[in-house]
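The values are calculated or read from the model by the stated rules, or taken from the named source; none is laboratory data. Source: prediction; values computed, not measured. With ideal geometry, Cβ positions are generated from the backbone for all residues, glycine too; neighbour counts draw on all protein chains shown. With ligands, DNA and RNA removed, areas are computed over all heavy atoms of the protein, side chains included. Shrake-Rupley method; radii C 1.70, N 1.55, O 1.52, S 1.80 Å.
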Amino acid sequence: MLLSLVLHTYSLRYMLPAAVMLGTAPTYFLSWAVWRLVSSLLPARLYHEVDDRLYTVYQSTVLFFFENYTGVEVIIYGDLPKNKENIIYLSNHQCTVDWIIADMLAVRQNALGHVRYVLKDGLKFLPLYGWYFSQMYLVIFPEGTRYNPELPKVIGDSQAFAAKEGLAVLKHVLTPRIKATHVAIDAMKDYLDAVYDVTVAYEGTVDQKGQRKIAPSMSDFLCKECPKIHIYVERIELKDIPEEQIFMKRWLHERFAIKDKLLIEFYEAKDPEKRNKFSVKGFNSRLSLTKTLPSLLFLSGLTACMLMTESGRKLYVKTWMYGTLIGCLWVSIKA
């Protein structure tokens with residue numbers, strides 16, 4: 001019975017955040033849909049400004065749970081400008097928490113409403129908001145799939161491909177793919193300020209034998225099983241990136257070779273004092289509740305008001321049903 005109580009308490013640690021994040025999604029979607037309809041005759045710039053604010057409200061609610069609720073320490077290294085910029089964000093990919101990391105950096109630049117993702121086709125069909133993420137291309141995971149130590153064949157195939165292409169064989173990241181990166185940079189080069197090359201390491205992902213373990217899932221993270229996140233940011237000027245795809249491919253691989261060296265030092269440094277940190281000086285960046293709590297209270301309160309009446313509950317359920325259906329159809333048409 002004691003074990004059952006412990007397991008029940010443990011599950012509540014992520015069930016409550018998950019319930020709030022998913023439960024407020026229809027409210028966010030309905031708010032966006034109403035604004036989209038109302039703003040159809042207004043200037044596009046006004047639509048985008050309010051759209052960004054609505055998106056910020058929802059993502060701030062998410063960040064409340066992933067940062068303030070979990071109490072995770074976020075250690076930032078390198079050059080993250082204080083002011084927001086138009087950027088493409090390139091990162092290594094280990095788990096579903098990775099897209100939250102982009103939000104963590106964006107909120108520190110007051111740019112949370114501008115973050116969009118390049119997603120796998122299947123992920124675009126996430127209920128309600130997965131399709132919305134797919135409309136714009138800023139955050140890219142060039143590996144194409146997650147680095148998972150429990151899938152040695154995927155890692156081996158990636159290394160074999162690199163060797164066949166005459167590229168450096170990588171240990172802690174997969175061989176990056178160039179297509180999405182090249183298309184995004186080429187299409188947005190006139191609007192971009194820079195490219196952020198981001199390397200992420202989750203503390204506590206090495207076993208007692210020094211072997212890497214799988215990175216935390218969202219439920220693991222919300223259960224506070226990741227004490228620290230280490231984020232290394234390097235800002236790259238567009239003039240330093242080759243334009244032709246064949247040369248950009250080699251450049252991208254070189255960037256991932258740099259990531260690999262950083263992660264080798266992080267996980268395998270001979271001096272134990274140098275492990276679980278990057279080689280340059282970082283700083284602990286705490287996210288103020290003023291950045292997240294107001295959005296949580298607003299969105300939760302709005303959702304609660306909807307659910308207090310019968311007509312509101314019906315609208316809520318229909319939003320879930322039809323919102324998901326419309327989103328999937330939209331992605332199918334756009335694919």
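Near the amide H of Val206, within less than 5 Å, lie the amide hydrogens of Lys213, all on another chain or at least 5 residues away, with H placed in the peptide plane.
Using the beta-carbon distance between Lys314 and Ile178 and R0 = 41 Å, what value does 1/(1 + (r/R0)^6) give for FRET efficiency, to the nearest 0.05?
Working: r = 48 Å, r/R0 = 1.18.
Efficiency computed from Cβ-Cβ geometry: 0.25.
Accessible area per residue for the chain, computed on protein heavy atoms with a 1.4 Å probe, is 54 Å².
For the chain, take the longest principal axis of its alpha carbons; what is the angle in degrees between that and the long axis of helix 293-307, to the nearest 10 within 0 to 90? With rounding to tens, the tilt is 40 degrees.
Computing the accessible area with a 1.4 Å probe over protein heavy atoms, can you report the carbon and sulfur percentage for the chain? List each step's numbers first, then the result.
Details: 11030 of 17990 Å².
Ligands and nucleic acids excluded, carbon and sulfur reach 61 percent.
The long axis of helix 179-188 is offset from the longest Cα principal axis of the chain by roughly 60 degrees.
Springs between alpha-carbon pairs under 10 angstrom, Gaussian network model over the chain: which of Phe298, Phe256, Phe66 fluctuates most? Comparing Phe298, Phe256, Phe66 in a Gaussian network model of the chain, the most mobile one is Phe298.
Accessible surface of Tyr147, taken over heavy atoms with a 1.4 Å probe and every protein chain present, rounds to 20 Å².
DSSP bridge analysis restricted to the chain gives an antiparallel fraction near 45%, rounded to the nearest 5. Relative to the dominant Cα principal axis of the chain, helix 152-164 is inclined by about 60°.
Computed from backbone phi with θ = phi - 60° and the Karplus coefficients 6.51, -1.76 and 1.60, the 3J(HN,Hα) list for segment 27-39 is 5, 4, 4, 5, 4, 5, 4, 5, 5, 4, 5, 5, 8 Hz; x is used for glycine and proline. Given (i) 20.2; (ii) 16.6; (iii) 15.1, which label gives mean projected area of the Cα convex hull in nm² as computed from the coordinates? Calculated mean projected area of the Cα convex hull in nm²: the matching label is (i). For Val139, the amide hydrogen comes within under 5 Å of the amide hydrogens of Tyr89, Arg116, Tyr117, Val118, counting only partners 5 or more places away or on other chains and with H modelled in the peptide plane. Derived scalar couplings between HN and Hα for segment 165-176 equal 7, x, 9, 4, 7, 9, 9, 9, 9, 8, 5, x Hz in order, rounded to whole Hz, by the Karplus curve 6.51 cos²θ - 1.76 cosθ + 1.60 (θ = phi - 60°), x for Gly and Pro.
Rounded to the nearest 500, the 222 nm mean residue ellipticity of the chain from helices alone is -16000 deg cm²/dmol, with -39,500 (n - 2.57) taken per DSSP H run of at least 4 residues.
For the listed residue pairs Lys228/Lys259; Lys228/Lys274; Lys171/Lys213; Lys84/Lys274; Lys153/Lys261, the alpha carbons are over 24 angstrom apart in Lys84/Lys274. Couplings for segment 223-234, taken from phi via the Karplus curve 6.51 cos²θ - 1.76 cosθ + 1.60 with θ = phi - 60°, read 8, 6, 8, 10, x, 9, 10, 10, 10, 9, 10, 10 Hz in order; Gly and Pro are left as x.
What residues have an amide H closer than 5 Å to that of Lys84, excluding those fewer than 5 places away on the same chain, when H is modeled at 1.01 Å from N in the peptide plane? Distant-sequence amide H within range of Lys84: zero hits. The heavy atoms of Leu16 offer some 100 square angstrom of accessible surface to a 1.4 angstrom probe.
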